[in-house]
Amino acid sequence: MDQITFIFDIMVPAFANGLLITLALVAVTAPIGFLLGVGVACGRVYGGKGLSWLMQLYTIFFRGCPLLLLLFILYFGLPSLGIVLTPFVASVLGFIFCNSAYNSEYVRGSILSVKEGQLIAAKALGMTKNQAILNIVLPQALRRSIPGVSNEFIYLIKYSSLAYMITVIELTGASKLIATKYFAYNETFIAVAIVYLALVTITTFGANALEKKYAIPG
Amino acid sequence: MALSILIDWFPYLFSGIVLTLGLVASALIIGAGVGLPLALGQVYGSLPVRSAIATFVWFFRGLPVLVLLFLFYFGIFPALGLDLPAFYVGAVVLGLWGAAYQSQVFRGAIQSISEGQMIAARSLGMSRFQAIKSIILPQAMRIALPGWSNQYPEILTESSVCYAIGVAELLTRSSQIVSQTYVTMPIYLACAVIFILLSYAGTSCIHMVEKKIAIPGFGPGGS
């Protein structure tokens, strides 16, 4: 088989399927991971002692536990407790836990960077604490967290490759299968590397544009 | 019952911990050893050197560690005729991956030293190399240390990906114990706790070093 048929008849269709799964993993994880991260951050900053401690435990565990191990726990471990997840659901759950734990740290940092006086002023104007957080603090804090959160989004694209280890045939999985089947390791892995680099580079430009668009003037 | 299995298998698990720490230590050493010259090249090098280094950094930061491991273990090293054991491949890949990140930490630190110091050193008759070695780096390294130490927990968690190429590190050992004993959750959770403790212990050690070598009145944000 010559190189051209290998690339166009075998590599391209397999990579296209893999890329779709990778993008699906990222698209499902990113919004949930972000919202959960904001929730965890708010719980840590504004919650009572118990809640704040619980949220801290959450971040320590999910940041310290290697993602691959977390996926093993969800996919191989949970069935022993009677919970059976499909590989895709298990990977998305694992990514959400990991992503939200890291995002919560960025958001927490940016919440703390908004001056406390603003919260007091909002309350003095008759807002409830929830209103003040929602309308005054978060709109500023979330803008400041864009660089960190978008960085984490880029990490998410990269670590979505770990889903292959629990049998989700995404981009990395598709390339590994082809490489092994046709014994073309260098060609296939270099090709998949180019796809990842393109994804990450495009996302970086997008993130920079987003950061500029939502920058607080002054 | 789960506890007795953990105790029985602890020596086996412990050899995994040793291998994990070996991976992390060699990756950190390679990372610093390669990352620092890269940073110097990026600050003081000529345009071709700078763009070559920028490409290296872009490549290693843009790819998942899993893809890098596959690429080097199955592709590049065998194509070069190197038949390296998985542990060495893991250490080299993690090291180069870390070097790409660490070079940015070092570069930021070097650039934070005001340019006047270099000019002053040159006007005192020092060569460029002497000035970098005796004036710039001693300050830059101290500034870089907090950022550099963030690499430790990151490389520790990434080292578990070496499972994919069969390095017998902590996660691999834990999975093997799981498939031998059919006890899943306790083993995996123990593995997670060990990882978190290793991360915490290592970070505390680095913080101690940081305090020890700090110069009073000099540090990130100070000077």
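To make sure I understand the rule: partners must be aspartates and glutamates, Cα under 20 Å from the Cα of A:Lys115, and not fewer than 8 residues away in the same chain. Which ones qualify?
Counting by Cα, and skipping residues close in sequence, A:Lys115 has these aspartates and glutamates nearby: A:Glu105.
Taking H as built 1.01 Å from N, whose amide H comes closer than 5 Å to the amide H of A:Ser145, not counting residues under 5 places away?
none
Please state the shape class of the protein assembly as shown: rounded when a/c is under 1.5, otherwise prolate if a/b exceeds b/c and oblate if not, all from the C-alpha gyration tensor.
Since a/c stays below 1.5, the shape of the protein assembly as shown is classed as rounded.
Using the number of other C-beta atoms within 10 angstrom as an exposure proxy, rank A:Leu57, A:Leu134 with the fewest first.
Placing the least packed residue first, the sequence is A:Leu57, A:Leu134.
So, how do all the Cα-to-Cα distances of region B:1-93 break down into 10 Å bins, in percent, from 0 on up?
P(r) over region B:1-93, rounded to whole percents: 14, 30, 31, 15, 7, 3, 0.
Which whole number gives the average, over all residues in A:57-70, of C-beta atoms from other chains lying within 10 Å of the residue C-beta? Before the final figure, lay out the partial values.
Details: counts 0, 0, 0, 3, 3, 2, 5, 11, 10, 15, 4, 12, 12, 4.
Mean inter-chain Cβ contacts per residue within 10 Å come to 6.
Using Cα pairs under 8 angstrom and six or more residues apart, how large is the relative contact order of region B:1-143, in percent?
With pairs under 8 Å counted, the relative contact order is 32 percent.
Applying the Karplus parametrisation 6.51 cos²θ - 1.76 cosθ + 1.60 with θ = phi - 60° to the phi angles of region B:90-98, what ³J(HN,Hα) value in whole Hz is obtained for each residue in order, glycine and proline being reported as x?
For region B:90-98, the Karplus-derived couplings read x, 5, 5, 5, 4, x, 5, 4, x Hz, x marking Gly and Pro.
Quick one: order B:Arg50, A:Arg63 by neighbouring beta-carbon count within 10 Å, fewest to most.
So the residues, fewest neighbours to most, are B:Arg50, A:Arg63.
Just want the ordering: A:Ser150, A:Ser104, from fewest to most Cβ atoms lying within 10 Å of their own Cβ.
Final ranking by Cβ density, sparse to dense: A:Ser150, A:Ser104.
How large is the helix-only mean residue ellipticity at 222 nm for chain A, computed as the sum of -39500 (n - 2.57) over DSSP H runs with n ≥ 4, divided by its residue count, in deg cm²/dmol to the nearest 500?
-24000 deg cm²/dmol
Calculate one ³J(HN,Hα) per residue across region B:65-70 by plugging θ = phi - 60° into the Karplus curve 6.51 cos²θ - 1.76 cosθ + 1.60, and present them in order as whole Hz with x for glycine and proline.
With the stated coefficients, region B:65-70 comes to 4, 4, 5, 4, 4, 4 Hz.
Got a sec to turn the phi values of region B:185-198 into Karplus ³J(HN,Hα) couplings, 6.51 cos²θ - 1.76 cosθ + 1.60 with θ = phi - 60°, whole Hz, x for Gly and Pro?
3, x, 5, 4, 5, 4, 4, 4, 4, 4, 4, 5, 5, 4
Every number in this text was worked out from the coordinates using simple rules, so none of it is lab data. Everything numeric in this text was worked out from a predicted model, so none of it was measured. Using ideal geometry, Cβ is built from the backbone for each residue, glycine included, and neighbour counts are taken over all protein chains shown.
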